[in-house]
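Each remark here refers to the structure printed beneath this line.
The values are calculated or read from the model by the stated rules, or taken from the named source; none is laboratory data. If you're wondering where the values come from, they're calculated on a predicted model, not measured in any experiment. Cβ coordinates were reconstructed from backbone atoms using ideal geometry, including for glycine residues, and neighbour counts include every protein chain displayed.
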Amino acid sequence: MKLSYTTKNGRIRFELEGDSQRDLFAEIGKIQEVFEETVCGKCRGENIKFVVRNVDDNLYYELRCTDCGARLSFGAHKKGGGLFPKRKDADGNWLPDGGWVKWNPKTSQNE
Ligand SMILES: [Zn+2]
């Protein structure tokens, strides 16, 4: 089965293929988790950019709000190359603002 899926904000279209509804369901889920963040969790602005930072050959995937400078970081699944938004802290607690953080130069911390 083939499927054309367009993200909620209409900016990205995917061509998906799967042997079953379960395959397609899973593929759509992966896309929605990564590509359907449409507003900044801090300021609710819609000017979001996809950014990949290379630090010492480690790649960091994040969404960045061009209105307020907040960002949402993504982690990588160990298998399959998929990404997921980091919405929890290292202890497994949900982060405020859906995981969007802003660097505070005064405290040198993400907030
Ligand atoms: Zn923002």
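Below, the figures for the structure above:
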{"read-out": "One residue from L72, L95, L63 being aliphatic (A, V, I, L, M) and in contact with a helix residue (DSSP H, G or I) (Cβ under 6 Å, 6 or more places away or on another chain)", "value": "L72"}
{"read-out": "Residue list for segment 19-38, filter: more than 20 Å from H77 (Cβ to Cβ) and modelled with pLDDT of 95 or more", "value": "D19, S20, Q21"}
{"read-out": "First in segment 64-84 and in contact (Cβ under 8 Å) with a residue 60 or more places away in the chain and surrounded by 13 or more Cβ atoms within 10 Å (Cβ to Cβ), second anywhere and aromatic (F, W, Y) and in a loop (DSSP other than H, G, I, E, B), Cβ under 9 Å, 6 or more apart", "value": "none"}
{"read-out": "Test set (1) within 14 Å of the ligand (Cβ to nearest atom); (2) free of Cβ contacts under 8 Å to residues at least 40 places away in the same chain; (3) in contact with a strand residue (DSSP E or B) (Cβ under 6 Å, 6 or more places away or on another chain) - K2 fails condition number", "value": "(1)"}
{"read-out": "Residue that is nearest to the ligand (Cβ to nearest atom), among those in segment 32-58 that are in a strand (DSSP E or B) and in contact with a strand residue (DSSP E or B) (Cβ under 9 Å, 6 or more places away or on another chain)", "value": "I48"}
{"read-out": "Total residues in segment 59-76, condition within 8 Å of the ligand (Cβ to nearest atom) and assigned to a strand (DSSP E or B)", "value": "1"}
{"read-out": "Positions within segment 77-111 being over 19 Å from E36 (Cα atoms), assigned to a loop (DSSP other than H, G, I, E, B) and away from the ligand (no atom under 14 Å from the Cβ), in sequence order", "value": "K78, K79, G80, D89, A90, D91, G92, N93, P105, K106, T107, S108"}
{"read-out": "Residue satisfying condition, being under 17 Å from F84 (Cβ atoms) and without any contact (Cβ under 8 Å) to a residue 60 or more places away in the chain, within set E33, E15", "value": "E33"}
